[in-house]
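For reference, the structure discussed in these notes is given below.
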């Protein structure tokens, strides 16, 4: 299982949130999406999947909903696997930034 956290800019209401959730849930391998809505600000998102998702495809899904993922310094990826991981996507992993 892979857990990725990032922030989405500009969500202002439940309808905005629903659009983003729909696009993220449609990604292959996604098993869960949680968003802490910060109206008009940076809304933290936690995405759980059975596969490692690329930053490009996640950003594209958010963009299809009409929003953007905040800068690359706000990405964090953690992998928990049973058995131990074969690989994690190092291009997506970066230090977690507190907001």
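The values are calculated or read from the model by the stated rules, or taken from the named source; none is laboratory data. Not measured: the values here are computed from a predicted model. Methodologically, a virtual Cβ is constructed for each residue, glycine included, from the backbone with ideal geometry; neighbour enumeration extends over all protein chains shown.
List of remarks:
- Test for residue 30: is it within 10 Å of residue 7 (Cα to Cα) and without any contact (Cβ under 8 Å) to a residue 60 or more places away in the chain: no
- Sole residue being surrounded by fewer than 16 Cβ atoms within 10 Å (Cβ to Cβ) and assigned to a strand (DSSP E or B), chosen from 60, 34: 34
- Selection count where residues are surrounded by 13 or more Cβ atoms within 10 Å (Cβ to Cβ) and in contact with a helix residue (DSSP H, G or I) (Cβ under 8 Å, 6 or more places away or on another chain), scope segment 1-31: 11
- On the stretch given as segment 1-23, residues that are under 10 Å from residue 62 (Cβ atoms) and either in a helix (DSSP H, G or I) or modelled with pLDDT under 90 (or both) total 3.
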